[in-house]
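Reviewing the structure listed below.
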Amino acid sequence: MEVESAKKILRVFLWTTVFFLIGVIPRSTAQDAHMTKLVEGAKKEGAVMWYTSMNIEDAKKMVDAFSKKYPFLRVDFFRANSAKLLNRVLTETRAGRYLFDVLALSGFETHQVVKSGLLQPYVSPESKVYPEMFKDPNGFWTDYFDSYAIIGYNTRLIPIGQAPKDWEQLLEPKWKGKLIMDFEDVRWYATILDRWGRERSQKFMKALARQEMSFRRGANLIAQLVVAGEVPMGMVNAHTIERMKVAGAPVEWITTLDPIVVSLHPIGLSVKPLHPNAGKLLIDFVLSREGQQVIVDVGRTSPRQGMDPRIDSRKLKLFPTRPALAESYQQHEQEYKEIFGR
(Lines give C-alpha, C1' and ligand atoms only; values in the text may rest on other atoms or scores of the structure.)
Protein backbone atom coordinates (compact mmCIF):
# COMPACT_ATOMS: atom_id res chain seq x y z
CA MET A 1 0.00 0.00 0.00
CA GLU A 2 2.84 2.37 0.86
CA VAL A 3 4.49 1.68 -2.50
CA GLU A 4 1.24 2.36 -4.38
CA SER A 5 0.70 5.55 -2.40
CA ALA A 6 4.22 6.70 -3.17
CA LYS A 7 3.70 6.00 -6.88
CA LYS A 8 0.43 7.98 -6.85
CA ILE A 9 2.12 10.94 -5.22
CA LEU A 10 4.95 10.78 -7.75
CA ARG A 11 2.47 10.71 -10.67
CA VAL A 12 0.64 13.75 -9.27
CA PHE A 13 3.95 15.56 -8.87
CA LEU A 14 5.06 14.73 -12.40
CA TRP A 15 1.79 15.82 -14.01
CA THR A 16 1.76 19.03 -11.95
CA THR A 17 5.29 19.75 -13.16
CA VAL A 18 4.29 19.08 -16.76
CA PHE A 19 1.27 21.42 -16.56
CA PHE A 20 3.44 24.07 -14.95
CA LEU A 21 6.04 23.83 -17.70
CA ILE A 22 3.38 23.88 -20.41
CA GLY A 23 1.99 27.08 -18.94
CA VAL A 24 5.30 28.85 -18.30
CA ILE A 25 7.90 27.87 -20.85
CA PRO A 26 6.02 28.86 -24.01
CA ARG A 27 5.22 32.30 -22.61
CA SER A 28 8.82 32.83 -21.53
CA THR A 29 10.14 31.60 -24.87
CA ALA A 30 7.71 33.81 -26.77
CA GLN A 31 8.68 36.86 -24.74
CA ASP A 32 12.39 36.15 -25.27
CA ALA A 33 11.80 35.81 -29.02
CA HIS A 34 9.82 39.06 -29.02
CA MET A 35 12.62 40.90 -27.25
CA THR A 36 15.34 39.42 -29.47
CA LYS A 37 13.47 40.50 -32.59
CA LEU A 38 12.96 44.05 -31.28
CA VAL A 39 16.60 44.44 -30.24
CA GLU A 40 17.90 43.21 -33.59
CA GLY A 41 15.55 45.54 -35.46
CA ALA A 42 16.29 48.49 -33.17
CA LYS A 43 20.04 48.10 -33.72
CA LYS A 44 19.48 48.57 -37.45
CA GLU A 45 17.23 51.60 -36.86
CA GLY A 46 19.68 53.23 -34.45
CA ALA A 47 17.32 55.84 -33.00
CA VAL A 48 13.88 56.50 -31.52
CA MET A 49 11.78 59.68 -31.22
CA TRP A 50 9.51 60.14 -28.18
CA TYR A 51 6.88 62.89 -27.88
CA THR A 52 5.86 63.27 -24.24
CA SER A 53 3.93 65.56 -21.91
CA MET A 54 6.09 64.49 -18.94
CA ASN A 55 8.25 67.33 -17.64
CA ILE A 56 11.77 67.54 -19.01
CA GLU A 57 13.54 66.47 -15.83
CA ASP A 58 11.50 63.31 -15.39
CA ALA A 59 11.57 62.45 -19.10
CA LYS A 60 15.36 62.82 -19.08
CA LYS A 61 15.64 60.33 -16.22
CA MET A 62 13.52 57.82 -18.11
CA VAL A 63 15.60 58.34 -21.26
CA ASP A 64 18.84 57.94 -19.29
CA ALA A 65 17.65 54.65 -17.80
CA PHE A 66 16.56 53.38 -21.23
CA SER A 67 19.85 54.47 -22.85
CA LYS A 68 21.85 52.72 -20.16
CA LYS A 69 20.10 49.46 -21.02
CA TYR A 70 20.17 50.01 -24.81
CA PRO A 71 23.28 52.14 -25.47
CA PHE A 72 23.15 51.41 -29.21
CA LEU A 73 20.08 53.66 -29.59
CA ARG A 74 20.03 57.44 -29.86
CA VAL A 75 16.97 58.68 -27.98
CA ASP A 76 15.45 62.02 -28.95
CA PHE A 77 12.41 63.44 -27.21
CA PHE A 78 10.19 66.47 -27.54
CA ARG A 79 8.32 67.75 -24.52
CA ALA A 80 5.19 69.95 -24.36
CA ASN A 81 1.94 69.93 -22.42
CA SER A 82 -0.75 67.60 -23.75
CA ALA A 83 -2.79 70.24 -25.57
CA LYS A 84 0.25 71.67 -27.38
CA LEU A 85 1.55 68.20 -28.13
CA LEU A 86 -1.77 67.21 -29.66
CA ASN A 87 -1.74 70.29 -31.88
CA ARG A 88 1.84 69.58 -32.97
CA VAL A 89 1.03 65.98 -33.89
CA LEU A 90 -2.09 66.96 -35.83
CA THR A 91 -0.27 69.73 -37.68
CA GLU A 92 2.69 67.53 -38.59
CA THR A 93 0.66 64.55 -39.75
CA ARG A 94 -1.67 66.70 -41.88
CA ALA A 95 1.48 67.71 -43.72
CA GLY A 96 2.43 64.06 -44.12
CA ARG A 97 5.21 64.23 -41.51
CA TYR A 98 5.16 61.38 -39.00
CA LEU A 99 8.14 62.38 -36.89
CA PHE A 100 7.33 60.63 -33.62
CA ASP A 101 7.69 56.92 -32.94
CA VAL A 102 6.18 56.92 -29.46
CA LEU A 103 3.56 59.29 -28.10
CA ALA A 104 2.71 59.80 -24.42
CA LEU A 105 0.18 62.41 -23.35
CA SER A 106 -2.95 62.63 -21.20
CA GLY A 107 -6.07 60.53 -21.71
CA PHE A 108 -8.40 62.99 -23.45
CA GLU A 109 -5.74 64.02 -25.96
CA THR A 110 -4.84 60.36 -26.55
CA HIS A 111 -8.48 59.73 -27.45
CA GLN A 112 -8.28 62.42 -30.12
CA VAL A 113 -5.06 60.93 -31.50
CA VAL A 114 -6.58 57.44 -31.69
CA LYS A 115 -9.75 58.85 -33.27
CA SER A 116 -7.59 60.58 -35.88
CA GLY A 117 -5.94 57.26 -36.76
CA LEU A 118 -2.45 58.33 -35.64
CA LEU A 119 -1.68 55.40 -33.34
CA GLN A 120 -1.50 51.72 -34.19
CA PRO A 121 -2.32 48.86 -31.82
CA TYR A 122 0.67 47.53 -29.95
CA VAL A 123 0.13 45.22 -26.96
CA SER A 124 3.35 45.18 -25.01
CA PRO A 125 4.10 41.93 -23.16
CA GLU A 126 4.42 44.13 -20.06
CA SER A 127 0.82 45.33 -20.32
CA LYS A 128 -0.62 42.02 -19.12
CA VAL A 129 0.09 42.94 -15.49
CA TYR A 130 -1.76 46.28 -15.73
CA PRO A 131 -5.40 46.55 -14.55
CA GLU A 132 -7.99 46.37 -17.31
CA MET A 133 -9.21 49.96 -17.05
CA PHE A 134 -5.61 51.17 -17.35
CA LYS A 135 -5.13 49.95 -20.92
CA ASP A 136 -7.06 50.28 -24.15
CA PRO A 137 -9.20 47.22 -24.97
CA ASN A 138 -8.13 47.53 -28.61
CA GLY A 139 -4.44 47.72 -27.76
CA PHE A 140 -3.77 51.33 -28.79
CA TRP A 141 -2.25 52.37 -25.48
CA THR A 142 -1.31 51.44 -21.93
CA ASP A 143 -1.26 53.87 -19.02
CA TYR A 144 2.27 54.56 -17.75
CA PHE A 145 1.73 56.94 -14.84
CA ASP A 146 -1.21 58.25 -12.87
CA SER A 147 -2.51 61.22 -10.94
CA TYR A 148 -5.00 60.48 -8.15
CA ALA A 149 -7.49 63.28 -7.47
CA ILE A 150 -7.90 63.17 -3.71
CA ILE A 151 -8.67 65.38 -0.73
CA GLY A 152 -5.52 66.45 1.08
CA TYR A 153 -5.70 68.15 4.46
CA ASN A 154 -3.54 70.04 6.93
CA THR A 155 -3.11 67.84 10.01
CA ARG A 156 -2.64 70.89 12.26
CA LEU A 157 -6.11 72.09 11.31
CA ILE A 158 -7.80 68.69 10.94
CA PRO A 159 -6.25 65.99 13.14
CA ILE A 160 -5.66 62.60 11.53
CA GLY A 161 -8.78 60.48 11.94
CA GLN A 162 -11.14 63.44 12.00
CA ALA A 163 -11.17 64.23 8.27
CA PRO A 164 -14.17 63.25 6.11
CA LYS A 165 -14.16 59.58 5.12
CA ASP A 166 -16.02 59.90 1.81
CA TRP A 167 -17.34 62.44 -0.67
CA GLU A 168 -20.76 62.70 0.98
CA GLN A 169 -19.25 63.65 4.34
CA LEU A 170 -17.96 66.82 2.72
CA LEU A 171 -21.59 67.95 2.75
CA GLU A 172 -21.76 68.07 6.56
CA PRO A 173 -22.22 71.61 7.96
CA LYS A 174 -18.90 71.56 9.83
CA TRP A 175 -17.00 71.46 6.52
CA LYS A 176 -18.67 74.53 5.02
CA GLY A 177 -16.01 76.93 3.76
CA LYS A 178 -13.21 74.47 4.55
CA LEU A 179 -12.50 73.10 1.05
CA ILE A 180 -10.62 74.55 -1.91
CA MET A 181 -11.05 73.17 -5.44
CA ASP A 182 -9.65 73.71 -8.92
CA PHE A 183 -12.13 75.78 -10.93
CA GLU A 184 -11.17 73.86 -14.07
CA ASP A 185 -11.51 70.33 -12.68
CA VAL A 186 -14.01 69.26 -15.33
CA ARG A 187 -12.43 65.83 -15.76
CA TRP A 188 -13.03 64.99 -12.09
CA TYR A 189 -16.65 66.09 -12.48
CA ALA A 190 -17.12 64.01 -15.65
CA THR A 191 -15.62 60.92 -14.02
CA ILE A 192 -17.85 61.14 -10.95
CA LEU A 193 -20.84 61.27 -13.31
CA ASP A 194 -19.45 58.31 -15.19
CA ARG A 195 -19.06 56.31 -11.98
CA TRP A 196 -22.21 57.29 -10.07
CA GLY A 197 -24.68 58.10 -12.82
CA ARG A 198 -26.34 61.45 -13.45
CA GLU A 199 -29.02 61.51 -10.73
CA ARG A 200 -26.76 60.79 -7.78
CA SER A 201 -23.92 62.91 -9.16
CA GLN A 202 -26.03 65.99 -9.84
CA LYS A 203 -27.56 65.85 -6.38
CA PHE A 204 -24.12 65.62 -4.79
CA MET A 205 -22.54 68.34 -6.93
CA LYS A 206 -25.31 70.84 -6.26
CA ALA A 207 -25.11 70.16 -2.53
CA LEU A 208 -21.32 70.52 -2.64
CA ALA A 209 -21.67 73.88 -4.39
CA ARG A 210 -23.62 75.13 -1.38
CA GLN A 211 -20.64 74.39 0.88
CA GLU A 212 -19.02 77.72 0.00
CA MET A 213 -15.72 76.32 -1.29
CA SER A 214 -13.02 78.57 -2.61
CA PHE A 215 -11.43 78.01 -6.01
CA ARG A 216 -7.94 78.32 -7.47
CA ARG A 217 -6.28 77.05 -10.63
CA GLY A 218 -3.80 74.18 -10.35
CA ALA A 219 -3.46 71.25 -7.98
CA ASN A 220 0.09 72.22 -7.00
CA LEU A 221 -0.98 75.70 -5.90
CA ILE A 222 -3.89 74.24 -3.93
CA ALA A 223 -1.53 71.81 -2.18
CA GLN A 224 0.76 74.69 -1.21
CA LEU A 225 -2.19 76.62 0.25
CA VAL A 226 -3.20 73.57 2.29
CA VAL A 227 0.35 73.17 3.63
CA ALA A 228 0.45 76.87 4.53
CA GLY A 229 -2.80 76.52 6.48
CA GLU A 230 -4.66 78.96 4.24
CA VAL A 231 -7.43 76.37 4.03
CA PRO A 232 -7.90 73.05 5.87
CA MET A 233 -8.61 70.83 2.84
CA GLY A 234 -8.05 70.87 -0.89
CA MET A 235 -8.56 68.81 -4.04
CA VAL A 236 -5.00 67.79 -4.86
CA ASN A 237 -2.92 64.94 -6.28
CA ALA A 238 -1.85 62.07 -4.05
CA HIS A 239 1.75 62.03 -5.27
CA THR A 240 2.11 65.75 -4.44
CA ILE A 241 0.93 65.19 -0.87
CA GLU A 242 3.26 62.20 -0.54
CA ARG A 243 6.24 64.32 -1.61
CA MET A 244 5.24 67.02 0.87
CA LYS A 245 4.96 64.47 3.66
CA VAL A 246 8.49 63.29 2.97
CA ALA A 247 9.64 66.89 3.19
CA GLY A 248 8.01 67.17 6.64
CA ALA A 249 4.86 69.09 5.73
CA PRO A 250 1.86 68.62 8.08
CA VAL A 251 -0.39 67.01 5.48
CA GLU A 252 -2.25 63.77 4.87
CA TRP A 253 -4.83 62.58 2.37
CA ILE A 254 -8.11 60.66 2.51
CA THR A 255 -7.64 57.13 1.20
CA THR A 256 -11.24 55.99 1.68
CA LEU A 257 -12.90 58.07 -1.06
CA ASP A 258 -15.07 56.08 -3.45
CA PRO A 259 -14.17 56.66 -6.17
CA ILE A 260 -10.67 58.06 -6.25
CA VAL A 261 -10.59 59.59 -9.71
CA VAL A 262 -7.47 58.63 -11.66
CA SER A 263 -6.06 60.73 -14.48
CA LEU A 264 -4.40 58.42 -17.02
CA HIS A 265 -1.28 59.12 -19.04
CA PRO A 266 -1.24 56.62 -21.93
CA ILE A 267 1.73 55.68 -24.08
CA GLY A 268 1.35 54.34 -27.62
CA LEU A 269 3.04 53.67 -30.96
CA SER A 270 2.78 55.87 -34.05
CA VAL A 271 0.75 54.52 -36.95
CA LYS A 272 3.75 55.27 -39.19
CA PRO A 273 6.88 55.08 -37.02
CA LEU A 274 10.26 55.68 -38.60
CA HIS A 275 11.76 53.36 -35.98
CA PRO A 276 9.06 50.76 -35.19
CA ASN A 277 11.27 48.26 -33.35
CA ALA A 278 12.98 50.93 -31.27
CA GLY A 279 9.57 52.44 -30.52
CA LYS A 280 8.20 49.15 -29.25
CA LEU A 281 11.36 48.61 -27.23
CA LEU A 282 10.89 52.01 -25.57
CA ILE A 283 7.25 51.27 -24.73
CA ASP A 284 8.18 47.87 -23.30
CA PHE A 285 10.85 49.50 -21.13
CA VAL A 286 8.61 52.28 -19.83
CA LEU A 287 5.95 49.74 -18.82
CA SER A 288 8.45 47.26 -17.35
CA ARG A 289 9.24 47.00 -13.66
CA GLU A 290 12.54 48.75 -14.38
CA GLY A 291 10.88 51.65 -16.17
CA GLN A 292 8.13 51.96 -13.59
CA GLN A 293 10.77 52.18 -10.88
CA VAL A 294 11.89 55.39 -12.58
CA ILE A 295 8.29 56.62 -12.37
CA VAL A 296 8.23 55.94 -8.63
CA ASP A 297 11.71 57.40 -8.07
CA VAL A 298 10.71 60.75 -9.62
CA GLY A 299 7.73 60.90 -7.27
CA ARG A 300 4.95 59.94 -9.66
CA THR A 301 2.32 57.25 -9.21
CA SER A 302 2.80 53.96 -11.05
CA PRO A 303 -0.23 52.05 -12.39
CA ARG A 304 1.79 48.84 -12.15
CA GLN A 305 0.61 47.26 -8.90
CA GLY A 306 3.10 46.62 -6.13
CA MET A 307 5.63 49.21 -7.35
CA ASP A 308 5.12 52.01 -4.85
CA PRO A 309 5.73 51.40 -1.13
CA ARG A 310 3.94 54.66 -0.31
CA ILE A 311 0.64 53.79 -1.99
CA ASP A 312 -0.99 50.35 -2.12
CA SER A 313 -3.36 50.84 -5.05
CA ARG A 314 -5.00 47.47 -4.34
CA LYS A 315 -6.58 48.97 -1.21
CA LEU A 316 -7.95 52.05 -2.99
CA LYS A 317 -11.22 52.41 -4.86
CA LEU A 318 -9.69 53.71 -8.07
CA PHE A 319 -11.75 54.70 -11.08
CA PRO A 320 -9.90 56.10 -14.14
CA THR A 321 -11.16 58.95 -16.26
CA ARG A 322 -12.04 57.17 -19.50
CA PRO A 323 -10.37 58.87 -22.49
CA ALA A 324 -13.65 58.54 -24.43
CA LEU A 325 -15.22 61.11 -22.05
CA ALA A 326 -13.40 63.67 -24.18
CA GLU A 327 -16.40 63.41 -26.52
CA SER A 328 -18.66 65.07 -23.94
CA TYR A 329 -16.12 67.51 -22.48
CA GLN A 330 -17.89 70.68 -23.59
CA GLN A 331 -21.19 69.52 -22.09
CA HIS A 332 -19.51 68.63 -18.80
CA GLU A 333 -17.60 71.90 -18.77
CA GLN A 334 -20.83 73.87 -19.16
CA GLU A 335 -22.53 71.90 -16.39
CA TYR A 336 -19.54 72.35 -14.08
CA LYS A 337 -19.60 76.12 -14.58
CA GLU A 338 -23.35 76.30 -14.03
CA ILE A 339 -23.27 74.25 -10.83
CA PHE A 340 -20.24 75.88 -9.22
CA GLY A 341 -20.73 79.36 -10.63
CA ARG A 342 -17.35 79.48 -12.32
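The values are calculated or read from the model by the stated rules, or taken from the named source; none is laboratory data. Computed from a predicted structure; not experimentally measured. Note: ideal-geometry Cβ built from the backbone for every residue, glycine included; neighbour counts use all protein chains shown.
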*Keeping to the stretch 199-220, report how many residues are under 15 Å from ASP166 (Cα atoms), touching a residue at least 12 places away in the same chain (Cβ under 8 Å) and either among the aliphatic types (A, V, I, L, M) or loosely packed, with under 15 Cβ neighbours inside 10 Å (or both).*
3
*asked:* Could you go through the stretch 287-297 and let me know if any residue there is surrounded by 17 or more Cβ atoms within 10 Å (Cβ to Cβ), in the same structural domain as ALA65 (by TED's automatic domain parsing), in a loop (DSSP other than H, G, I, E, B) and touching a strand residue (DSSP E or B) at 6+ places or on another chain (Cβ under 7 Å).
replied: no
*Show the residue pairs that are 6+ apart or on different chains and have beta-carbon atoms under 7 Å apart, the first residue being within the stretch 120-142 and on the phi > 0 side of the Ramachandran plot, the second being of a type outside the set (A, V, I, L, M).*
GLY139/PRO121; GLY139/TYR122
*Have a look at ALA80, ALA95, ALA59 and point out the one that is touching a helix residue (DSSP H, G or I) at 6+ places or on another chain (Cβ under 8 Å) and of a type outside the set (Lys, Arg).*
ALA80
*Can you name the condition, by its number, that LEU103 falls short on among (1) part of a loop (DSSP other than H, G, I, E, B); (2) of a type outside the set (S, T, N, Q); (3) in contact with a Gly (Cβ under 8 Å, 6 or more places away or on another chain)?*
(1)
*Give the stretch 122-175 a look and list any residue that's of a type in the set (S, T, N, Q), part of a strand (DSSP E or B) and over 14 Å from the mean Cα position of the chain (by Cα), or say none.*
ASN154
*Please work out which one of (1) assigned to a loop (DSSP other than H, G, I, E, B); (2) closer than 23 Å to SER67 by Cβ is the condition ASP308 fails and give its number.*
(2)
